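One structure below.
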Amino acid sequence: MVEQMVQIVSNERDTDLYFRLVARAPQIAPLVQPGQFAHVRILPLKHALLRRPFSIFQVSGDTLSILYKTIGEGTEVLSRMGPGEELSMIGPLGHGFTVPQPGGEVPLLVAGGYGMAALYLLAQRSPQKGIAFVGGRRRVDILCQEEFRALGWEVRVTTEDGSHGEKGLVTQALLAALRVGAPGRKLFACGPTPMLKAVGQLAAELNLPAELSLDEHMGCGVGVCLTCVVPIKAGDGWEYQRTCTEGPVFDSRQIAWEAAK
Ligand SMILES: Cc1cc2nc3c(=O)[nH]c(=O)nc-3n(C[C@H](O)[C@H](O)[C@H](O)COP(=O)(O)OP(=O)(O)OC[C@H]3O[C@@H](n4cnc5c(N)ncnc54)[C@H](O)[C@@H]3O)c2cc1C
Ligand code: FES
């Protein structure tokens with residue numbers, strides 16, 4: 001883990017409320033593993049002490065990128081920053097996805113909205129290509145599908161309003177595929193909590209392994225403040241673990257959803 005000032009190379013709108021930011025981060029970029037995140041201090045946001053966590057989307061040489069949605073003050077201010085401006089970044093942080101082994105289980109990726117950002121490096125570094133199930137409310141919430149196809153992955157799109165791909169929830173498309181497909185598959189998911197719960201439930205019902213990247217609010221991002229804890233099964237009960245340190249990726253069988261906040 002490194003803390004460094006990084007310089008923005010580009011920061012451009014992708015679709016609607018989504019932006020892609022590329023930053024020169026020579027100390028962080030080479031260390032990144034799939035599913036890890038960066039904790040970003042948006043320097044023009046002077047009154048905000050807290051950093052914002054973002055999955056590391058892509059890495060190339062000494063640069064890395066994030067793919068983010070403008071939802072509040074921090075991301076709004078970030079979207080107005082431009083090339084040459086600086087951010088303070090801590091990264092790479094957290095425990096990411098397990099990269100599939102050659103000849104191992106076939107990976108099925110499940111993403112809602114900006115969840116695609118957490119899964120890109122996994123898709124790129126996996127020797128085994130599989131299917132990426134991508135869901136969103138509307139067409140504009142479907143991100144970077146062509147980049148996944150370019151990596152050799154099959155991409156299946158669902159939108160809740162039917163404006164792109166199949167109409168429905170991403171988990172419905174996933175279930176349909178799981179019912180007809182062969183055994184020996186593993187799920188990897190990132191997206192809104194209800195989607196993650198549904199993926200975890202499907203995995204349990206069909207006895208499939210699954211890794212889920214949880215989206216919890218964070219304070220410090222480095223394991224100190226305990227803002228981000230989630231209940232994880234331990235012995236006959238459960239214990240709290242930190243999303244920023246032991247996660248954000250957890251084995252779905254370990255998450256004690258019944259005890260979650
Ligand atoms: C591990 C991880 C990876 C993430 N990756 C991405 C990504 O790749 N792209 C993306 O667009 N977003 C991602 N998020 C969510 C992102 O951190 C929030 O959207 C962002 O912090 C909102 O900041 P804001 O100031 O615009 O919103 P505000 O609502 O004004 O933020 C107020 C506070 O709440 C926190 N907060 C608000 N929403 C979230 C949230 N969903 N998760 C965590 N903290 C939140 C903020 O950090 C801030 O401290 C990720 C979150 C986590 C935990
Ligand atoms: S955010 Fe502080 S312990 Fe995880």
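Quick look at the numbers
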| item | result |
| --- | --- |
| Sequence of VAL22, VAL110 from largest to smallest accessible area, 1.4 Å probe | VAL22, VAL110 |
| Fraction of antiparallel bridges per DSSP, the chain only, in percent to nearest 5 | 60 |
| Whole-angstrom Cα spans of the chain along principal axes, big to small | 51, 44, 36 |
| Signed unit charges on C-beta, dipole axis of the stretch 46-144, positive-most listed residue GLY91, ILE131, TYR68 | ILE131 |
| Acute angle (nearest 10 degrees) that the helix 170-180 long axis makes with the longest principal axis of the chain, alpha-carbon atoms | 30 |
| Lysine pairs in the chain with Cα atoms under 22 Å, if 8 or more residues apart or on separate chains | 9 |
| Projected-area mean, the stretch 100-146, by convex hull of Cα positions, square nanometres | 3.1 |
| Kirkwood Rh, angstrom, the stretch 1-154 [1 / mean 1/r, Cα pairs] | 15.9 |
| Cα-based convex hull volume of the stretch 2-93 per residue, rounded to whole Å³ | 85 |
| Dipole magnitude of the chain, debye to nearest 20 (Cβ charges: Lys/Arg +1, Asp/Glu -1, about Cα centre) | 180 |
| Test item: Cα-centred dipole of the stretch 122-221, Lys/Arg +1 and Asp/Glu -1 on Cβ, debye | 260 |
| Portion, in percent, of the accessible area of the stretch 15-135 that falls on carbon or sulfur, probe 1.4 Å | 54 |
| 10 °C / 1.306 mPa s Stokes-Einstein diffusion coefficient of the stretch 185-261, Kirkwood radius on C-alpha pairs, µm²/s | 126 |
| Largest-first principal axis extents of the Cα set of the stretch 106-215 (Å) | 33, 28, 27 |
| Given charges at beta-carbon only (K, R positive; D, E negative), |dipole| of the stretch 2-93 in Debye | 140 |
| Angle between the chain longest axis and helix 193-205 axis [Cα atoms, degrees, rounded to 10] | 30 |
| Area of HIS47 that stays accessible when all protein chains are in place (1.4 Å probe, Å², to 10) | 130 |
| Most to least accessible of ASP14, ASP236, ASP161 (protein chains only, probe 1.4 Å) | ASP236, ASP161, ASP14 |
| Crossing angle, helix 115-125 versus the chain [Cα axis fit, 0-90 degrees, rounded to tens] | 80 |
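The values are calculated or read from the model by the stated rules, or taken from the named source; none is laboratory data. Because the structure is a prediction, the values reported are computed rather than measured. Backbone-built Cβ (ideal geometry, glycine too); neighbour counts: all protein chains shown. Accessible surface areas use protein heavy atoms only, side chains included; no ligands, DNA or RNA. Shrake-Rupley method; radii C 1.70, N 1.55, O 1.52, S 1.80 Å.
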